[in-house]
Each structure stands twice: as structure tokens, then as C-alpha cells.
Amino acid sequence: MENADTVRWGVLGPGRIARDVVRDLQMTPNAVLEVVCSRSLDRAEAFAQEFGFRRAMEGEEALAADPDVDIVYIASPHPAHFESAKRMLLAGKPVVCEKPMTMDAAQARELIAISKQQNVFLMEAVWTRCLPVFQVVRKWLQEERVGPGKPRLVSSSFCVGLSKDPKDRWLNPELGGGGLLDLGVYPLTVSQLAMGGGAPVEIKVMADFAETGVDEMVSGLMRYEHGGVARFTCSMRTEFECPLEIGGEDGFIRVPSRFLDANEATLTVGNHSETVRAPRRGQGYVHELEEAMRCLRSGEIESPMISHADTLATMETMDRIRAQIGLKYPGEE
């Protein structure tokens, strides 16, 4: 039975990521699976039946105009994010948009401006920023437990062995494929969190490319204004442990492999180590979904866990990395 806290969700794009998100929506208190929308009504109906949505729908215009949808989760491929999110925001629909929110910083900047003009909630779905373990890490950093000021060194990576099929989305340039946009966003955004926000002042990167022209691996160093350095690697063809380590003058924080699936963090200062367990619920998406619902109820148009400024700084960083490695997508000059 619905109550004042109930939030009715619309999901746009019933693909691979939508399946994972919707499984967590099913276990999120007061979340209602209202409607799933696709360019294909048959596909939407099959998805709705499988997961228990109240309705299926064809076409974004109908979704944007639907009075029974309180918020929309955009789960389509990267190149479609900008136009879809823009359409929803202009119609007054709050949006949670899969990462990366857009293909470049200019598009992100425009969506953020519309969100503010329309006074409508907009959030990039970087679910790791909302995990309980990262609230522990935030607290340690705010308390300067690893040393005075901001950390001096951050090390993170996201490396997995994905499909080698050139027609798969991961390797398809038409669908925004490549390691940086899909995987690199995680170490970049956690480096930004650890370093206190903002974009790096200097970036040096190298990359390896697939036959389709997208990046298979990107590795680099980023220097921040206070002198701290973050090193990162993302790869679609390499299995790797992928912990997160944050070091300061007095100690360091370690979130074990894989940091984006983390349930615990360890703080080490001198000879003393303290481990805190903070288990995630579901596959981890529950926490970002609850945060979006909290913001909606309180009338906020952005989340402090992944703010508009955070999203824009990450997009600007990825633009600079792409410029260095010469990565362009169809339609870009």
C-alpha cells in the first residue's frame, strides 16, 4: 500500500544495467516499479512482466509526460543519456542517470544548468559514492585521521576481463564503448572524493586501444592543487585485484578488492590498524536509490554524495584524458 514516502520509478532502457538496478529497486523500501520504457514496446512488456512493473511503455515522450512517474532512471547506452535526460528535466521529471552522465563536460554542464533552471533533481548514478563503506572513508578523511590536510597519494583501479566480441557495447564506438567512460569513471570519482573535490591541475596518461578504436586500457597520474597525486588504471582486458589506497603523512586507508564492491575499510596509523565493516545491501545500488528518494522528498536538486560539481569535475577530467590519448567517438569533431 502506498504512503507519503512512496516514490514511483520509471526506468528508461531495459538493458543489462537496468536488470541489476531493478533487482535492487525491488528491495528498496517505498520504491514502486511504475513503468519501464523502451523504443520497442515488446521489449518493454517482456521486461515489465519479468520484474513486476505496473506498466510498459514505448517512447520517451510518453514517459516524460506521465503524471504517475515521480523519478526516472536512465539506463540506456552512454550516447543517449544527454538527450533523454534533457527531455525529462525540461518536462519536470527528476532524473538519476547512469554513469557517465554524458559523453563530455559540455553536455553535463548543460544538463546541470537545466536542472537548476527548472529546479528539478539530477544525479549521476555513481553508486559507489553512496556505499556505506565510503561514508566511513569520508568521515576518516574529514577527521584527518591519515594526517593533516588532504591526502598525499591515492591509488585505485578497475580492471576486468570483458567481452572480446567487437559487436558488444563494451567495444562499440557507436555506443560509447571503451574502458575510460565505463570503468575509469570509478577510480576517477573516488580519487576526486579522496582529494577533497575538484579536478586535477595536471594529468599524464597512456592508453592501449582495441581494433574497433575504443580504449581497452588507460593508466595515468593526476596531480592536484595541494600537491597530492592520484594514480589510476582502468582496463577491459585485465583481471586485477583493484583495491583502493589513500595515504597521508600519518597513515593510510585501504578498501580491499574490489573497492567498488567493498564491505569494509581499514585505517592504519603507525602500528595500529582499525577495520570497520559496513556491508552493502543488495548489489550496492540500493544506497544510491535511497539517496535519490531522500533528495526527492526533501526538495533537493542534487545529492551531496555525488554533487553536480563532482560530476562536472569528473567529466572535465575525462575530456582531458581523451584529448591526450586521441580518443574520439562518431560525430565528434
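The values are calculated or read from the model by the stated rules, or taken from the named source; none is laboratory data. The shown structure was predicted, so the numbers you read here are calculated from the model rather than taken from an experiment. Backbone-built Cβ (ideal geometry, glycine too); neighbour counts: all protein chains shown. Side chains included, ligands, DNA and RNA excluded: accessible areas come from the protein's heavy atoms. Shrake-Rupley method; radii C 1.70, N 1.55, O 1.52, S 1.80 Å.
Counting only heavy atoms of protein chains, what accessible area per residue, in Å², does the stretch 181-333 have with a probe of 1.4 Å? Mind dumping the intermediate values first?
Details: 6570 Å² over 153 residues.
Solvent-accessible surface per residue comes out at 43 Å².
If you filter the stretch 291-321 for GluC sites (Glu not before Pro), then keep DSSP loop positions with at most 15 other Cβ within 10 Å, what is left?
Working: sites: Glu291, Glu300, Glu302, Glu316; in loops: Glu300, Glu302.
Sparse-neighbourhood loop GluC sites (Glu not before Pro): Glu300.
Of the peptides 81-90, 25-34, how do they stack up when ordered by the mean number of other Cβ atoms within 10 Å, highest first?
Top of the packing list down: 81-90, 25-34.
Hey, if you put +1 on the Cβ of every Lys and Arg and -1 on every Asp and Glu Cβ in the chain, which of Ile246, Ala56, Val11 ends up farthest toward the positive end of that dipole?
Checked the options; the winner is Ile246.
Is there a quick way to get the dipole size of the stretch 115-274? I mean about its Cα centre, with the Cβ of Lys and Arg at +1 and of Asp and Glu at -1; what is the value in debye to the nearest 20?
Computed charge dipole of the stretch 115-274: roughly 340 debye.
Each residue of the stretch 160-171 in turn: what ³J(HN,Hα) in whole Hz from Karplus with 6.51, -1.76, 1.60 and θ = phi - 60°, glycine and Pro shown as x?
Result, ordered by residue: 9, x, 9, 4, 9, 6, x, 8, 5, 4, 4, 10 Hz.
Among 3-13, 164-174, what's the highest-first ranking by average C-beta atoms within 10 angstrom per residue?
Per-residue mean Cβ counts within 10 Å order the peptides as 3-13, 164-174.
Restricting to Cα pairs below 8 Å that are 6+ residues apart, what does the relative contact order work out to for the stretch 74-124? Please round to a whole percent.
Computed value for the stretch 74-124: 42 percent relative contact order.
Dipole size in debye (nearest 20) for the stretch 211-309 around its Cα centre, Lys and Arg Cβ +1, Asp and Glu Cβ -1?
The calculated dipole for the stretch 211-309 is roughly 240 debye.
Can you list residues from other chains, or at least 5 along the same chain, whose modelled amide H is less than 5 Å from the amide H of Glu124?
Placed amide hydrogens put Cys97 under 5 Å from Glu124.
Take the Cβ-Cβ distance between Ala91 and Ala278 as r, set R0 to 35 Å, and report the resulting FRET efficiency rounded to the nearest 0.05.
Calculated transfer efficiency: 0.40.
Could you check the simple spin-label distance between Ala113 and Glu239, using points 7 Å along Cα→Cβ, in nm with one decimal?
Between Ala113 and Glu239, the simple spin-label model gives 4.7 nm.
Could you pull out every residue, at least 5 positions away or on a different chain, whose amide H is within less than 5 Å of the one on Ile71? Hs are placed 1.01 Å off N in the peptide plane, and Pro or chain starts have none.
Result for Ile71 returns Arg8, Gly10.
Using helices alone, what [θ] at 222 nm do you get for the chain, with -39,500 (n - 2.57) per DSSP H run of 4 or more residues, divided over all residues and rounded to the nearest 500?
-9500 deg cm²/dmol
Just to check I understand the Karplus step: with θ = phi - 60° and J = 6.51 cos²θ - 1.76 cosθ + 1.60, what whole-Hz values come out for the stretch 191-201, glycine and proline as x?
Values per residue, Gly and Pro as x: 5, 4, 4, 5, 7, x, x, x, 8, x, 8 Hz.
Taking the Cα-to-Cβ direction at Thr266 and at His226 and moving 7 Å from each Cα, how far apart do the two end points lie in nm?
With each label point 7 Å from Cα toward Cβ, the separation is 2.5 nm.
Give me the extension gain from Glu174 to Leu41: residue separation times 0.36 nm, minus the current Cα-Cα distance, reported in nm with one decimal. Mind showing how you got there, number by number?
Numbers: separation 133, 0.36 × 133 = 47.88 nm, distance 2.31 nm.
In short, 45.6 nm is gained.
Just name one of Met318, Leu289, Val269: the one whose Cα is farthest towards the positive end of the charge dipole of the stretch 252-319 (beta-carbon charges, Lys/Arg +1, Asp/Glu -1).
Value: Val269.
Over the stretch 250-333, what is the relative contact order in percent, taking alpha-carbon pairs closer than 8 angstrom and at least six residues apart?
RCO, the stretch 250-333: 14 percent.
Of Leu122, Leu141, Leu41, which is the most mobile in a GNM of the chain whose springs link Cα atoms less than 10 angstrom apart?
In this elastic network of the chain, the residue with the biggest mean-square fluctuation among Leu122, Leu141, Leu41 is Leu41.
Once you charge only the Cβ atoms, +1 for Lys and Arg and -1 for Asp and Glu, what is the size of the charge dipole of the chain about its Cα centre, to the nearest 20 debye?
440 debye
Given H placed on each backbone N at 1.01 Å, which residues far from Phe209 in sequence or on other chains put an amide H within less than 5 Å of it?
Close amide H contacts, sequence-distant or interchain: Glu216.
Would the stretch 234-333 count as rounded, prolate or oblate if I go by the C-alpha gyration tensor, calling it rounded below 1.5 in a/c and otherwise prolate when a/b exceeds b/c, oblate otherwise?
Oblate, because a/c is 1.5 or more while a/b does not exceed b/c.
Can you tell me how the stretch 195-260 classifies by the Cα gyration tensor, rounded, prolate or oblate, using a/c under 1.5 as the rounded cut?
Working: a/c = 3.19, a/b = 1.43, b/c = 2.23.
Here the stretch 195-260 falls in the oblate category.
Apply the Karplus parameterisation 6.51 cos²θ - 1.76 cosθ + 1.60, with θ equal to phi minus 60°, to every residue of the stretch 13-22 and state each ³J(HN,Hα) to the nearest whole Hz, in sequence, with x for glycine and proline.
Coupling constants for the stretch 13-22: x, x, x, 5, 5, 4, 4, 5, 5, 5 Hz.
In percent, what relative contact order does the chain have, based on Cα pairs under 8 Å that are 6 or more apart in sequence?
After rounding, I find 18 percent.
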